[in-house]
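These notes concern the structure reproduced below.
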Amino acid sequence: MRITMAAAGLAGLLVLTACGSGAEPAATGPATLRMTIWTGNAEHLSLLNSIADEYKKTHQDVAAIKFDTLPIENYTTTLTTQIAGGNAPDLAWILENSAPDFVGSGALAPLDNLVQPEQLAPATTKLWQQEGKLYAYPFSTSPFGVFVNLDLLKQAGQKPPKAGWTWEQAVAAAAAVNKESGKAGLVVRDFDYKGWDNLATVWGGWGAEAWSEDGKTCGFAKPEMVEAMTFLHKAIFTDKALPAPGTTADFFAGEAGMTITQISRASLLKDATFKWDLIPLPTGPKGAYSVIGQAGIGVIKKSPNAAKAADFLSFLSNPDNSAKLGQYFPPPRTQLLTAESLGKSNPLLKPEQLQQVVIDGISTGRVKPSHAGQAELAQTVRAQLDQLWQPGADVTKTLAGVCTAIQPMLAK
Amino acid sequence: MRRKTLLYGVLCVLCVPFVFPTWWMVTSSLKPVSDIFAFPPSLLPGRPQLEAYRQVFELQPFAQQYWNSLYIAAVVTVGTLAVSSLAGWAFARIRFRGSNALFLVILVGLLIPSEVTIVPLFRLFHSAGLTDTHWPLILIPILGAPSVLATFIMRQFFLALPKELDEAAAVDGLGRLATFWRIGLPLARPAVGAVAIFTFLHSWNLYLEPIVFLSTPERFTLPQALTQFVDAYGGPMWNVQLAAASLTALPVLVVFVVAQKQFVEGLAHTGLKG
Amino acid sequence: MPDRTTWWTASRRDHLVGYAFVAPQLLGSLLFVFLPLGLVLYYSLHEWNVLADTFEFVGGENYRQLLADPNVPKVLGATALFSVGLVVFNLSLAMLLAVLLNQRLRGTVVFRTLFFSPVVVSLVAWTIVWGFLLQSNGGVNALLQTVGVEGPNWLRTGTGAMVSVIGVQVFKNVGLNMVLFLAALQGVPKELYEAARMDGAGAWTRFARITLPMISPTVLLTSIITVAGSLQVFAQIAVLTQGGPGTSTTVLVYYLYQQAFQFHHFGYGATLSVLLFVIVLALTVLQWRMRRRWVFLEA
C-alpha cells in the first residue's frame, strides 16, 4: 500500500517529534510564567494580574506572568493535551476530581516554601498531600449546603427546616412539595443520574463512602451504602421526593423546594423572586456530616521555571493575598474563616448561614470522592449505576456489580 | 389547492425541530439568567433585556475575536478553494500516472476525526514555535484533512464538464493552466459556492483546535470565546453565552439567505456528477 | 490510465502538470494527515503517561489490551448502529425535504432558510436545548402526548438514547445535504418526467426510475460527507448521554477521546485511533469500489 510506504518514508521525521519525555533545561534570565485557570471572569483576572504586578516589582527575575483561561468543561483535557504536546504551563489550577491523578503521578512539585502553612485548615489540605508533603494550595474550598425555597415549603404546609434536621424530615418535606405543587421536591444539583459523586452529600449521613480511605477497597457493596442507596431509591421512586431520571428542575428558577449544592451558587439568587434560606445538610443515621468541593493551584514539576513558579505561588497564597482571593473563593486559612470576613465577600448570605454551612463545613468537611484514575472510575460507576435508576431495581445486586467492575481498578 | 395547503402544513410541522432551538437561543439571550432554565421553557422573554449583549463586548475583546474568526474563515476559504480546485481539476481532467491511487490516498483524510491527530499536530506546531498563533487554524484546514472534502466536490464537478471543452481549448492554443483558469474555473462557480459555504462554516465552527492551540484572549476565535463567559464562581453566564452565540449565528444566516438562490440554482444548472 | 499513444511528449507534460496541480494537496496530506497518523501508530506501541511524564516502549501490549477489552465489541456495535442510523435518517430526511421544497410553491426560500438555519447555530446551544426537549417531561413527549402517544424516557433508555443522539445530529446538519439534493433535483431534465407520465408511470415509479438514478452522484457525495460527519460526533454525546445509559451510546470516537484525554491512557487511545483508521480505510476503499456499481453517471 502506498500509505504504508508514505508512513515508512516519514520515519525520520517521526523520531524528530515523537519523543514524549525529557525535561527542558533550566532557563536563565528573566522568566515568563504561565498559569492555566478556568475562570474568564474579568474581576478574577484583574485581581490575579494585580497580584502578579506587585510580585514583579520585587522580583526582577520574572518578566511576565500570564494567566491562560481554558474552558472549564474540558479544562483537564485541554491541560493534559498541552502537557502531552510539550507545552506544559508553569502553574495550573487543578480540579478536585483530578487531584489524585496530579498529586499521585508526580506531575507537581512539592510546595515547601508556603508562608505560614500551619494556618491551613487540615480538612482543606488532605486531598493535596502525599507522604506528608503538600503538592497544591487549596485556594478554593466550597462546602455543600441545602438551599430551601421557603415559599414552596410554606405552600405545602411545611415548617422551614433548621440546622440539625434529618433526612427523614427532608424527604417528607420534599414529597409534600411535590404532591402539593407538582414541582420537584429536592434536587441534588449536577447529579442528574450521571454525576454520581455528588451523591456523597447524601450517603455521608449513613457513613458510607465510595471507597476506603486508602483507596484500595470498594465501598459500594458495604451495608451502610446499601442502606443509604435503598433510602435514596425509595425517596425517588416511591416518595417522589426527588425528580425521576430524565426530568429536570432548576431550583434557582423556583422549580424545586430544595437543592443540595455548593454555597458559591448563592450568586444565582441575586434576583430571586422567592424567599430562601441556606442550611447545612440533613443528618443521617450516623449524625451530622459535611462535604466540600475544592480546587488547588500546583506547580508543574517539569517546567524549566519550577522554582520561580513555586516562589510566585507562595506569594500568591500568603495571608494578605489569600484574603484578597477570599473575596471570590472560600479560603483555606483558618484566620480568614470567620463569619465577618466571609460576609464581606458573600453579601447574599447571613452570618448565621456562613457560620453553620461555610465555616463549620470547611473545618469538618470531607471532599467528594476522588481517586487516581478518577475519570475512568467515574465513567465505570456511572455505567453500572444506570441499572439502579429505575423503579424496582435490585439495589444490593446493582451495588455489588459496581464493586465487581471497579475493584480491579482500585487495586491497581 | 388542497394539495398546496397540505404541503404547507407538512412543511410547517417539519420546521418545528429545526426552528425551536434557534428560537430558544435567541429569546433566552434576552432573559435574565434565572429564567433561562425555567421548565417548560417559555417562548417569549417575560422581561426582555439587552444587558447580556452589552456584557458580551464588555467581558471579552469580542469585536477582536469576531474579526479573528472572520478573517481566518475568509483566508481558509480562499486558500482551500485554490488548493482544492487545482487538485480537483487535475484529478478529473488530466491523465497522469497514479492519479487514481493518489486520489484514494488523499480521500482517506476525509474520514479522520480531528481528535485522532490533534496531539501529534500540536507537537508539530509547538516544535515550530507556532502555538498561540493563528497558523495552525489556517494551515491545517487548507492543506490537511478538511480540504479533502473540497477537493472531492471540485473533482466531481469537473468530471461533469463535457470533454469537448479541452479540445476547444487546445484549438484556441490554451495551455493546461490557461484552460483551467480561463475555462474550468469560471464554469465552476456553483461548485465554488458549495465549497465556500462548507469551508467557511467548518472554519467558523471549529472548536477543538482553537481551544488546544490558542491561549491569549485577543487571539481567540468565536466558538472558543463563547466558553469564556463565566460568573464569579466559574458557572456559565448562560444569557451572555447565548447572546454571543446569537451574534455568531445571525450574520452567517444572513449571508446564506442572500447567497442561497444563486448557489442552489447554479449547482442545478451545471450539475454535480460523479 | 497513462496514455501510451505516439505523442508521448504531450502525455509526459500532462504528468508533470498533473503532479504540479495536486502537489499542494498531496504535500499537505503528507504533513498534516499521514505524518500525524504515523506518529499515532508510533505512540500506540508505547505506554505514555502524560502526567507522570513517562513514555515507555511496550510493543504490542496496547494491541493485546484492545483484543481483551470487553468494551470494544460493544463500542463497535454502537458505532455501527449510530453510523448506519445516522446516514439512513439523514439522507432520507434530506431527500424528503428537498422533494417537498422542489414543488413549485411560494415561500420555499423561507422554508429552505429555516431548514438550513441549525447548521449555523452554536453546537453547544443546540445540544443543551435538545437536552431539555428530550427530558421525559420535556417538549418532545408533550408534543407526542397531544397526538395520544406515550413517549419514552428518551435519554434514559438504550434505544431512546441512541435515537436521540442520532436525531439531534441529523436535525443540526441535514440542511447541508438538503441543499445539495435540491440542486440535484432541479438539474433533472423536466422532459424525462413528461415522457414517463405519458407512459403512465406513477409518482413512486418516476422517483425510483428517474429521479434516483439521475441524482445518484449527489447521493454518493452526501453519503460520504455524512459518514465522515458520523465519525466526528462528540459534544452531542458528551452533553446528552455521556455514552450511557450503560455503554449504549459510547461510539468509537467518544471512547477514544475518553481513553486518551479523560483517562490519560494516550498509548491505548492511539491504539484505538489505529483501529479507527483501519475501519476508515476499509470504508473508503469500499465506497470507492462501489461507486461504479450504483452511480449512474460515472465519467
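The values are calculated or read from the model by the stated rules, or taken from the named source; none is laboratory data. Being a predicted model, the structure only gives us computed values, none of them experimental. In this analysis, Cβ positions are derived from the backbone assuming ideal geometry, glycine residues included, and neighbour counts consider all displayed protein chains. Note: accessible area is taken over every heavy atom of the protein model, side chains too, but ligands, DNA and RNA are not part of it. Shrake-Rupley method; radii C 1.70, N 1.55, O 1.52, S 1.80 Å.
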*Among the candidates B:TYR66, B:TYR8, single out the residue that is under 29 Å from B:ALA145 (Cα atoms) and either in a helix (DSSP H, G or I) or touching a residue at least 12 places away in the same chain (Cβ under 8 Å) (or both).*
B:TYR66
*Can we say B:THR151 is at the interface with another protein chain (Cβ under 7 Å from one of its Cβ atoms), surrounded by fewer than 22 Cβ atoms within 10 Å (Cβ to Cβ) and touching a helix residue (DSSP H, G or I) at 6+ places or on another chain (Cβ under 7 Å)?*
no
_Residues that are within 10 Å of chain C (Cβ to nearest Cβ), open to solvent by 60 Å² or more (accessible area, probe 1.4 Å) and part of a loop (DSSP other than H, G, I, E, B), drawn from segment B:163-187_ = B:LYS163
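Could you say which residue among A:THR69, A:THR76, A:THR17 is surrounded by fewer than 21 Cβ atoms within 10 Å (Cβ to Cβ), under 27 Å from B:LEU124 (Cα atoms) and either at pLDDT 80 or above or hydroxyl-bearing (Ser, Thr, Tyr) (or both)? Lay out the reasoning, then the answer.
Numbers: A:THR69 fails: surrounded by fewer than 21 Cβ atoms within 10 Å (Cβ to Cβ); A:THR76 fails: surrounded by fewer than 21 Cβ atoms within 10 Å (Cβ to Cβ).
From the options A:THR69, A:THR76, A:THR17, the qualifying one is A:THR17.
Collect the residues in segment A:307-345 that are open to solvent by 60 Å² or more (accessible area, probe 1.4 Å) and either on the phi > 0 side of the Ramachandran plot or among the β-branched types (Val, Ile, Thr) (or both), keeping them in residue-number order.
A:THR334
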*So which residues in segment B:1-49 are charged (D, E, K, R) and surrounded by fewer than 19 Cβ atoms within 10 Å (Cβ to Cβ), if there are any at all?*
B:ARG2, B:ARG3, B:LYS4, B:ARG47
*Of the residues that make up segment C:195-208, is at least one within 14 Å of chain B (Cβ to nearest Cβ) and either free of Cβ contacts under 8 Å to residues at least 12 places away in the same chain or over 20 Å from A:GLY195 (Cα atoms) (or both)?*
yes
_Criterion violated by B:ALA74 - all others in (1) within 8 Å of another protein chain (Cβ to nearest Cβ); (2) part of a helix (DSSP H, G or I) satisfied_ = (1)
*Please name all residue pairs, on different chains or six or more residues apart, with Cβ atoms under 9 Å, provided the first residue is in segment A:109-131 and is free of Cβ contacts under 8 Å to residues at least 24 places away in the same chain and the second residue is part of a helix (DSSP H, G or I).*
A:ASP112/A:ALA310; A:PRO117/A:THR125; A:PRO122/A:SER363
*(1) under 22 Å from C:SER29 (Cα atoms); (2) within 24 Å of the chain's Cα centre (by Cα); (3) of a type outside the set (Asp, Glu); (4) at the interface with another protein chain (Cβ under 9 Å from one of its Cβ atoms): which one isn't true of B:PRO210, the others all being true?*
(4)
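Residue by residue, here is whether (1) more than 10 Å from chain B (Cβ to nearest Cβ); (2) touching a Gly at 6+ places or on another chain (Cβ under 6 Å); (3) modelled with pLDDT of 95 or more; (4) part of a helix (DSSP H, G or I) holds:
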residue: C:TYR19; (1), (2), (3), (4): no, no, no, yes
residue: C:LEU51; (1), (2), (3), (4): yes, no, no, no
residue: C:GLN103; (1), (2), (3), (4): no, no, no, no
residue: C:ARG106; (1), (2), (3), (4): no, no, no, no
residue: C:PHE116; (1), (2), (3), (4): no, yes, no, yes
*Residues that are assigned to a helix (DSSP H, G or I), more than 14 Å from chain C (Cβ to nearest Cβ), open to solvent by 10 Å² or more (accessible area, probe 1.4 Å) and β-branched (Val, Ile, Thr), drawn from segment A:346-404*: A:ILE359, A:THR364, A:VAL395, A:THR396
*Scan segment A:233-282 residue by residue and report those that are of a type in the set (S, T, N, Q), more than 14 Å from chain C (Cβ to nearest Cβ) and open to solvent by 30 Å² or more (accessible area, probe 1.4 Å).*
A:THR238, A:GLN262, A:SER267, A:THR273
